[in-house]
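The values are calculated or read from the model by the stated rules, or taken from the named source; none is laboratory data. Fair warning: this is a prediction, and the values are worked out from it, not measured in the lab. Here the Cβ positions follow ideal geometry from the backbone for every residue, glycine too, while neighbour counts run over all protein chains shown.
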Amino acid sequence: MSPLNTTESGHKYWRSLDELVRTPEFEEAVKREFPDDEWDRLPPASRRSFLKVMGASMAFAGLTGCRWPAEEIVPFAHRSADRVPGVPQYFATAIELAGSALGMVVTSFDGRPIKAEGNPEHPDSLGALTATTQALILEMYDPDRSRHSVQRLGGQDFSRTWADFDPEFGSMLGADGAGVAVLAAPSSSPSRKKMRQAFETRFPESSWFEWAPVTDRNEGAGMSMAFETSLRVVPKLDHAQVIVAFDADFLNDHPASLRLTRQFAAGRKPSAETMNRLWVAEPGMTGTGAMADQRVAVSLGRVAALLGAVAAALVNDHHVEMPGAANGLIAQCSADGLVEAEAAWVQQVAADLIAHRGDGTLMVGRRQPPAVHALAAVLNNALGNVNRSVTYVDVGAQAAEGIEELVEALNGGQVETLLILGGNPVYDAPADVGFHEALSKAKHTIHLSLYRDETSQLCEWHLPEAHALESWGDGLAWDGTWTLAQPLIAPLFDGHTAIEVLSRAIGEKAVGYDIVRSTFADAGLAGSKSLNDAWRSALHNGVVPGSALSSAQPPFSSEGLATAAAALTALAARPAPTAGRPELVFAVDPKVFDGRFANNGWLQELPEALTTITWDNALLMSPLTARDMNLKDGDLVTVEASSRFIDLPVYVLPGPASFSLTVWLGYGREGAGQVGNGVGASAYRLRTVGNLWSVDGPTVTSTGRRYALATTQDHWAIDLIGFESRQLRVGQLIREASLDRYLEDPETFRHMDHHPPLVSLWKEKVYEGEQWGMAIDLNACTGCNACIVACQAENNVPVVGRDQVLNQREMHWIRLDRYFKTPEGADLDEIDDAQVAFQPMTCVQCEMAPCEQVCPVAATQHTEDGLNAMVYNRCVGTRYCANNCPLKVRRFNFFNYHKDLEEVSKMQFNPEVTVRSRGVMEKCSFCIQRIQQVRITSGNENCPITDGEITPACAQTCPAQAIHFGNLNDPESVISASRENPRSYATLAELNIKPRVHYMARLRNPAGNSEQDAGGPPEHGHDVPHGKESA
Amino acid sequence: MTTRTADLSYLNNTTDDPVGRPPLVLGGRTFGDVTNTVCGIVENPRTPPLWYVFFGLSLSLLGVLGAMIAYLIFTGIGVWGLQSPVGWGWAIVNFVFWVGIGHAGTLISAILFLLRQKWRTSINRFAEAMTIFAVACAGIFPAIHVGRVWVVYWLFPIPNQMSMWPNFRSPLLWDVFAVSTYATVSLLFWYMGMIPDLATIRDRAKHPVRKIAYGILALGWRSSNRHWHRFESAYLLLAALATPLVLSVHSVVSFDFAVSIIPGWHTTIFPPYFVAGAIFSGFAMVVTLIIPTRAIFKLEEIITLRHLENMAKIMLATGMMVGLAYSTEFFMAWYSGNAYEGFTFLNRGFGPYAWAYWIMVSCNVIVPQLFWVKKFRTNVVLLWIASILINVGMWFERFVIVVSSLSRDFLPSSWGYYSPTFVDVLTFVGSFGLFFTLFLLFLRFGPMIGMAEVKGVMPEAHHGRGAHGDYHGDVPTDRDGMIPVKAKREVVQ
């Protein structure tokens, strides 16, 4: 083309430098028909213009129906004729996390998804969602998501379109896929499975690798040892009287944690026969450990020895007959070498399991090596628990090679083109594998991802991935139930899903809808219905009912168990960690999971339940460990293993095993986005492929610097005066007793407060119609934090950032108060372990509200149905109400926290709730918008509001169903009944505030001979009259 | 210098002679001397260079205040250190501090007037001016501390189309009424008392601008008998009106805390405790200001050592009252058996804010004990340092009450620790800028000593009879007519 530019005189005439030097960008532009690739990108839209574009898109989508079959989202197709603007609609969809699909129902407001709830039809959700999965909504609207493809050429980035990519993709894949490798996360999706098969058929020479930092691979491998088949263990806690968790944080860190929480909490009903008992042995302090009736702290490496000791006790003391194939394995088990506390725990567990044969379950967490899982399977079998309190299902896992093999292939020059579908291996691959370095060995690298993250930045091509809420997809629940995902909105940023990319690879360019639907059709799930009806009903429900896999019970494999025996011998020999050789344990982050949600403000600002840490990870250790290692709370330390190191602040909390140091994965991101970058330190840098979950003997050296962790509650370390007073108070605030004591005297909780009769200064209001009340069952609450995120999403609660949290200005309307409890008379210097008590705390809507009386402008008022309402418009912001609030649940907008939000983020807001401006007080409203919505409907339909019709966001998502809401004036309502429950009490009732939120006292159920009694404050004598209050 | 030092002994009028009372004005001055001294300051064409230095400094601090308020209003209350348990911090502490200081003036002019404490005449104008300026400083803080300053007028019961009234149950609203009433009455009282003196300056003025300006301010005062008659009646009435306000304003300010539910705030001792504290701090501030002023403007003969000693005695008395209140609080916290209350006070003394508590106790209880000793009461330098320490202590008293109570209330999960930001600090410092700017302007352009009243307590006012004794005597027999009128006439003639 050069002659064009050269005139006869020899001069060059040119229009731009790009043209002159002929950059690839320019070449590309010349080839393209429409050089400006930005023209069809969704501009950063205001709500109004977004609606316009959406409306136009829908109208034009109708036009396309003339020629092409439209993708249909079934309920929408039904409703579009009489769709009412402003009336929210609900669609079932799903998210796949850690290889298991979780059903959701998403609220869509005028085409805009605004809130994710659990899908009551889905077996792993049962109407609840975790804190993490609820925050998906915010992730979808994240302005940091990548908005177009990027090609990296010669160190420069060029923005591209899918149309640019397709021809390149074809040439990169070649004819038969020779030199092509795919790296993907393990998935349960049948469509993914189908597309993988299609891909492998089309490109027979290609190879497929799988990697995810958090999987249940150990469990699968353990089951393979025991049964020669990779099975999933499905605990049935509704049938379990005795639950023994070995390093299993099943209430938080399990694909089916929501269902397990529901079943566990349902089993906490106080009666001698039905209340379950939870035994926990774990290295760190987890939410499950906090719920334990009897807990023992044991290092990660010694959990195997402890389970072995239980096995030995069962065989030797209780003469339990083990399956023949397991003889070799059982022979390796012994009760030797336990410390006193461990031995006592083991004895009691064994006795309890024997007392409840067939009604117990032993659970082993994903961090334990396969042999431990195999041993647990053997014990569950021997105790007759299988098919009662635990079942096994075969999901037919596809074999794939791991990331080590991929790196080997890369280094061996066998990979020319690497296609990475999702994931972020540059960030989360084990450090010793060297993925980062090996990546550059491939000639072409392609990364499909939601963000232009660490991996994308190193790849030649970055492709924008469609968000889960923008995608068609499917997956299997933990028990195998077929789950469908449908898009709530057209992809905001031109993304495509992994299955669509695979389809492009084989040249079909099928859309997600067709792929998912054809998989559905092929699976023969229609049954007696027509395919169309079955599909529509499955989409509507989000699940295919009855598609759960039937339980499998293959015979034990003596060969596999022999392998397990050998492994167990090695495991049992592992010494307990010491000050000189501590153990570093990796934990899945309860908020940002493996780090993929690091750019999510809701999750970063969510206080972790036990430490209340926000915006950081830390090195967690017990007080005596810290003392013996010469460390203090807040010290910044360098943790080094195999000459790789990270800096972490120390956080001291009671509970972790001695010299077992826990760190959460998922922090220290560099390519997460403006929210997640630089938050915490990446523990992946210390992770090795040989031992994914712990490091033995890392060196921990103090840097001499201190680091302020943004916690929402006081640290464990506190001045003596505060400490002593807290000890005195907590027993009153969070009432607890052992089950035995409660059964003996059900009135025990009512004797716990002393106050004179409460007399009203003025005539109290008499309520006709409704007056609302709430009850929170502390016996069920597991501290999972789901309510906090639910409230944040529902009520447009702002994220304020680390600095503001450090300054104690977090805005959460509901918070989780966490207290540690040690026995009376314990030596403060020797405390290493403690019981944990949680108390969700929100505005208790006092009938005699101290806030209402002091507001000079009457901006906080009582409503006709008894709520303490905030009138944002009227508030001038004196903060007097917050000062006078005895529970400190009022939150003040110190700044305009929404000022810098991008337009796309604003689309998440719930239009039913005012977005509060600067200088205004806010607080829990009992989700008054939900109350009013039901009230309007019931008014229109002229029928009374029925009990359970109104559910605040926190109650709706609570997996333990610990929060109940209803009309106190209705004698038939659940809430009225709960007030009669002897466990019901009001916090700070002695102030005569008459709270509308009552708590149900917590019961602990330690084994009979163990007097780890959970007593509250000493009761007063029965001759002393105790206050009566009327609310 | 040496001669002057030798002469200084006559300035000590603090000895109590059982035969006759020492005079309140020294140096054998005539009415004319008093007028010349006081008006001389206003009329002196050459402003003292020191005045410019102080005024420049004050003006810059006022600028800082303005900048901080602008920053606050444009950015949000978050620029202060406030947070979840501690919703009120320095702003409210400063408010109570300034209101407290604003107590001395009206107390001196109204209550001491009613109690016939004649020595008040030398310092009352000065103290009243200080009151007005302190209340002006105080008034800023509640206004700017709200989250939405632009709607702060909702705190006033202004009829509006929304039919929305303020909440009359809120102590904060009572506060609005109490402080605004107090400010209004104090201003009236101060200004009205100043009219005869303004007329004197007007009469002596030579420059036409001064003639007009002081002429307007003097409101046509002609010093007629009728004027004096009405003036005295009005003065008495306003004094009677202001007297309950002195007690009520700080009582109502204390209701902000006492009516709440927070341990450490919710106590019935607050009204008298706050009033005593306010008088304490008010006198301390008067002493702090008057000592350098009398030295710079050479007013030792009018504002005598005896005046200072009297104020030291009042500080001793009110300091003891405040100390009693501190100990009563502790006693009640223990005696009530209320665990929350008990903890709050232990926490004050030994918790994270113990440093503030012990500063408060040292400055407010220990420092005034010096005043038992006459040598210390009459040592001007020591008195001045002590008065500053008392001011510091009284600021910390409010800090302890407001912040330490809030930082740890009922639920241990919500406990916190409040620290101010630079904006908090500079706003407070800036409020001194406002105070001193106004004060320096007053010293330069206003009659800082009530000439008419001072003359009324001079021996010459009583037909040459004896000295001061008459007024402290049992029966002031010859109060025939308006004594100050005669005094005034002599000056005017």
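Go through the range A:820-842 and count every residue that is small (Gly, Ala, Ser) and within 13 Å of chain B (Cβ to nearest Cβ). Show your work before the answer.
Going through the range A:820-842, the residues small (Gly, Ala, Ser) turn out to be A:825-826, A:834, A:837.
When the remaining residues are screened for being within 13 Å of chain B (Cβ to nearest Cβ), the result is A:837.
Qualifying residue count, the range A:820-842: 1.
Among the residues of the range A:611-625, is there at least one that is without any contact (Cβ under 8 Å) to a residue 60 or more places away in the chain and either touching a His at 6+ places or on another chain (Cβ under 8 Å) or crowded, with 24+ Cβ neighbours inside 10 Å (or both)?
Looking through the range A:611-625, at least one residue is without any contact (Cβ under 8 Å) to a residue 60 or more places away in the chain and either touching a His at 6+ places or on another chain (Cβ under 8 Å) or crowded, with 24+ Cβ neighbours inside 10 Å (or both).
Mind telling me which of the residues A:THR748, A:THR782 ends up being of a type outside the set (Asp, Glu), assigned to a helix (DSSP H, G or I) and away from chain B (no Cβ under 14 Å)? I'd like the intermediate steps shown before the answer.
Numbers: A:THR782 fails: assigned to a helix (DSSP H, G or I).
Result of the check over A:THR748, A:THR782: A:THR748.
Go over the candidates B:PHE428, B:PHE410 one by one and state the one that is more than 15 Å from B:PRO352 (Cβ to Cβ) and either within 14 Å of another protein chain (Cβ to nearest Cβ) or among the basic types (Lys, Arg) (or both). Break it down stepwise before answering.
Working: B:PHE428 fails: either within 14 Å of another protein chain (Cβ to nearest Cβ) or among the basic types (Lys, Arg) (or both).
Sole residue among the options that is more than 15 Å from B:PRO352 (Cβ to Cβ) and either within 14 Å of another protein chain (Cβ to nearest Cβ) or among the basic types (Lys, Arg) (or both): B:PHE410.
Among the residues of the range A:928-939, is there at least one that is away from chain B (no Cβ under 14 Å), under 25 Å from A:VAL854 (Cβ atoms) and either under 28 Å from the mean Cα position of the chain (by Cα) or not β-branched (Val, Ile, Thr) (or both)?
So in the range A:928-939, the residues away from chain B (no Cβ under 14 Å) come out as A:928-939.
Checking which are under 25 Å from A:VAL854 (Cβ atoms) leaves us with A:928.
Subsequent filtering for residues that are either under 28 Å from the mean Cα position of the chain (by Cα) or not β-branched (Val, Ile, Thr) (or both) retains A:928.
Yes, some residue in the range A:928-939 is away from chain B (no Cβ under 14 Å), under 25 Å from A:VAL854 (Cβ atoms) and either under 28 Å from the mean Cα position of the chain (by Cα) or not β-branched (Val, Ile, Thr) (or both).
For residues that are assigned to a helix (DSSP H, G or I), more than 23 Å from the chain's Cα centre (by Cα) and away from every other protein chain (no Cβ under 11 Å), tally how many sit in the range B:334-371.
Within the range B:334-371, the subset assigned to a helix (DSSP H, G or I) is B:334-335, B:339-350, B:354-371.
In the following step, the residues that additionally are more than 23 Å from the chain's Cα centre (by Cα) were identified as B:334-335, B:339-350, B:354-358.
With away from every other protein chain (no Cβ under 11 Å) added as a condition, the list becomes B:334-335, B:341, B:355-358.
Qualifying residue count, the range B:334-371: 7.
Name the one entry in A:LEU488, A:LEU502 that is assigned to a helix (DSSP H, G or I), of a type in the set (A, V, I, L, M) and buried (at least 17 other Cβ atoms within 10 Å of the Cβ).
A:LEU502
To keep it simple, each residue is scored yes or no on (1) modelled with pLDDT of 90 or more; (2) in the same structural domain as A:ALA505 (by TED's automatic domain parsing); (3) acidic (Asp, Glu).
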position	(1), (2), (3)
A:ASN381	no, no, no
A:SER389	no, no, no
A:HIS436	no, yes, no
A:ALA442	no, yes, no
A:SER449	yes, yes, no
A:LEU469	yes, yes, no
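Quick check on my filter: what residues within the range A:191-241 are crowded, with 19+ Cβ neighbours inside 10 Å, assigned to a helix (DSSP H, G or I) and touching a strand residue (DSSP E or B) at 6+ places or on another chain (Cβ under 9 Å)?
A:SER191, A:ARG192, A:ARG196, A:PHE199, A:ASN218, A:GLU219, A:GLY220, A:GLY222, A:MET223, A:PHE227, A:LEU237, A:HIS239, listed by residue number.
Can we say B:ALA143 is within 14 Å of chain A (Cβ to nearest Cβ), assigned to a helix (DSSP H, G or I) and surrounded by fewer than 23 Cβ atoms within 10 Å (Cβ to Cβ)?
Details: within 14 Å of chain A (Cβ to nearest Cβ): yes; assigned to a helix (DSSP H, G or I): yes; surrounded by fewer than 23 Cβ atoms within 10 Å (Cβ to Cβ): yes.
So B:ALA143 passes the test.
For the range A:533-570, enumerate the residues that are within 32 Å of the chain's Cα centre (by Cα) and β-branched (Val, Ile, Thr).
Residues satisfying the conditions are A:VAL543, A:VAL544.
In the range B:413-422, which residues are within 12 Å of another protein chain (Cβ to nearest Cβ) and either assigned to a helix (DSSP H, G or I) or over 25 Å from A:THR711 (Cβ atoms) (or both)? Steps first, answer last, please.
Residues of the range B:413-422 within 12 Å of another protein chain (Cβ to nearest Cβ): B:413-421.
Answer for the range B:413-422, where residues must be within 12 Å of another protein chain (Cβ to nearest Cβ) and either assigned to a helix (DSSP H, G or I) or over 25 Å from A:THR711 (Cβ atoms) (or both): B:SER413, B:SER414.
What residue, of A:LEU709, A:LEU720, is among the hydrophobic types (A, V, I, L, M, F, W, C) and more than 9 Å from every other protein chain (Cβ to nearest Cβ)? It would help to see each step written out before you state the result.
Values: A:LEU720 fails: more than 9 Å from every other protein chain (Cβ to nearest Cβ).
Result: A:LEU709 is the single residue among A:LEU709, A:LEU720 that is among the hydrophobic types (A, V, I, L, M, F, W, C) and more than 9 Å from every other protein chain (Cβ to nearest Cβ).
Quick check on my filter: what residues within the range A:757-779 are assigned to a loop (DSSP other than H, G, I, E, B) and either within 19 Å of A:LEU991 (Cβ to Cβ) or in contact with a Ser or Thr (Cβ under 6 Å, 6 or more places away or on another chain) (or both)? Steps first, answer last, please.
Here is the first cut: in the range A:757-779, the ones assigned to a loop (DSSP other than H, G, I, E, B) are A:757-771, A:778-779.
Scanning the range A:757-779 gives A:PRO757, A:LEU758, A:VAL759, A:SER760, A:LEU761, A:TRP762, A:GLU764, A:LYS765.
Which one is farthest from A:THR483 (Cα to Cα) among residues in the range A:526-546 that are part of a loop (DSSP other than H, G, I, E, B) and not small (Gly, Ala, Ser)?
Start the filter on the range A:526-546 by keeping residues that are part of a loop (DSSP other than H, G, I, E, B), which leaves A:526-530, A:542, A:544-546.
After this cut, where a residue has to be not small (Gly, Ala, Ser) as well, the list is A:529, A:544-545.
On the way: A:LYS529: 18, A:VAL544: 6, A:PRO545: 9 Å.
Once the filter is applied, the top-ranked residue is A:LYS529.
Just need a number here: residues in the range A:943-978 that are out of contact with any Leu (no Cβ under 7 Å at 6 or more places or on another chain) and not in a loop (DSSP other than H, G, I, E, B).
The first filter runs over the range A:943-978 and keeps only residues out of contact with any Leu (no Cβ under 7 Å at 6 or more places or on another chain), leaving A:943-956, A:958, A:960-974, A:977-978.
Now drop any that are not not in a loop (DSSP other than H, G, I, E, B), which leaves A:953-956, A:963-967, A:974, A:977-978.
Result for the range A:943-978: 12.
Given the options A:LYS906, A:LYS994, name the one that is surrounded by fewer than 21 Cβ atoms within 10 Å (Cβ to Cβ) and more than 22 Å from A:THR863 (Cα to Cα). Break it down stepwise before answering.
Numbers: A:LYS994 fails: more than 22 Å from A:THR863 (Cα to Cα).
Within the list A:LYS906, A:LYS994, the selection yields A:LYS906.
Considering (1) closer than 29 Å to A:SER334 by Cβ; (2) surrounded by fewer than 24 Cβ atoms within 10 Å (Cβ to Cβ); (3) not acidic (Asp, Glu), say which one A:ALA265 fails and leave the rest.
Answer for A:ALA265: the failing condition is (1).
Does A:VAL415 qualify as being part of a helix (DSSP H, G or I) and under 30 Å from A:TRP461 (Cα atoms)?
Working: part of a helix (DSSP H, G or I): no; under 30 Å from A:TRP461 (Cα atoms): yes.
Considered against the rule, which asks whether it is part of a helix (DSSP H, G or I) and under 30 Å from A:TRP461 (Cα atoms), A:VAL415 comes out as no.
Among the numbered criteria (1) of a type outside the set (Ser, Thr, Tyr); (2) assigned to a loop (DSSP other than H, G, I, E, B); (3) within 13 Å of another protein chain (Cβ to nearest Cβ); (4) within 20 Å of the chain's Cα centre (by Cα), which one does A:ASP817 miss?
(2)
Specify which of the listed residues (A:GLY154, A:GLY222) is touching a residue at least 60 places away in the same chain (Cβ under 8 Å) and at positive phi. Steps first, answer last, please.
Values: A:GLY222 fails: at positive phi.
After ruling out the rest, the residue left standing is A:GLY154.
Would you check if there is a residue in the range B:212-233 being in contact with a helix residue (DSSP H, G or I) (Cβ under 8 Å, 6 or more places away or on another chain), under 15 Å from B:GLY105 (Cα atoms), not polar (S, T, N, Q) and not in a loop (DSSP other than H, G, I, E, B)?
no
Scan the range A:370-389 for residues that are surrounded by fewer than 24 Cβ atoms within 10 Å (Cβ to Cβ) and not in a helix (DSSP H, G or I) and jot them down.
Within the range A:370-389, A:GLY384, A:VAL386, A:ASN387, A:ARG388 qualify.
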